[in-house]
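A.B. asks: One structure follows; several queries about it will come next.
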Amino acid sequence: MPENTTFVIYDCENDRVRTRVSEVCLDYGLTRIQFSAFMGKLSRSMREELFLKLSAQLNESPARILMQPICDQDEGARKVREVNAHLLGRVPPGIVDQSVTT
């Protein structure tokens with residue numbers, strides 16, 4: 001089954017829920033690219049399964065989850081601009097380091 005780069009972006013008010021959501025993303029092999037954003041390659045069935053697991057973590061806590069797969073062509077057109085990114089931690093694999101130090 002083909003895999004697409006998938007972004008998972010979330011906003012959770014509750015710290016415990018936010019932590020559980022991030023742990024589930026890591027369990028699926030996704031890489032953290034922002035505090036509440038992950039990316040990685042997932043098949044359609046893995047995306048569906050992940051979305052169900054993430055949704056189950058929310059309970060009734062105010063939250064929003066966006067899961068967005070992108071095609072290879074759009075993935076190739078992605079641009080990244082980083083400034084002093086070394087201060088943010090590890091650079092995710094597949095992201096070209098275009099950092100500018102100021």
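Any read-out appearing in this document is the output of simple, stated calculations on the displayed coordinates, not a laboratory observation. Note that the coordinates shown come from a computational prediction; the quantities given were computed from them, not determined experimentally. All Cβ positions, glycine included, derive from the backbone under ideal geometry; neighbour counts span all protein chains shown.
A.B. asks: Pick out, from LEU87, LEU30, LEU50, the residue whose Cα sits farthest towards the positive end of the charge dipole of segment 3-100, with +1 on the Cβ of Lys and Arg and -1 on the Cβ of Asp and Glu.
C.D. replies: Value: LEU87.
A.B. asks: Which whole-Hz ³J(HN,Hα) couplings does segment 69-84 yield from phi under the Karplus relation 6.51 cos²θ - 1.76 cosθ + 1.60, θ = phi - 60°, glycine and proline marked x?
C.D. replies: Coupling constants for segment 69-84: x, 10, 6, 4, 4, 5, 4, x, 8, 4, 10, 10, 10, 10, 10, 6 Hz.
A.B. asks: A follow-up question, please. Sort THR31, THR19 by Cβ crowding within 10 Å, fewest neighbours at the top.
C.D. replies: THR19, THR31
A.B. asks: Treating the angle as unsigned and between 0 and 90°, give the value, to the nearest 10°, between the Cα long axis of helix 15-27 and the longest Cα principal axis of the chain.
C.D. replies: In the chain, helix 15-27 runs at an angle near 70 degrees to the longest axis.
A.B. asks: Using the Cα centre of segment 3-100 as the reference point, and only Cβ charges (+1 on K/R, -1 on D/E), how large is the resulting charge dipole? Debye, rounded to the nearest 20.
C.D. replies: 120 debye
A.B. asks: Compute the long axis of helix 44-57 from its Cα atoms, compare it with the longest principal axis of the Cα atoms of the chain, and write down the angle in degrees, 0 to 90, nearest 10.
C.D. replies: Helix 44-57 sits at roughly 60 degrees to that axis.
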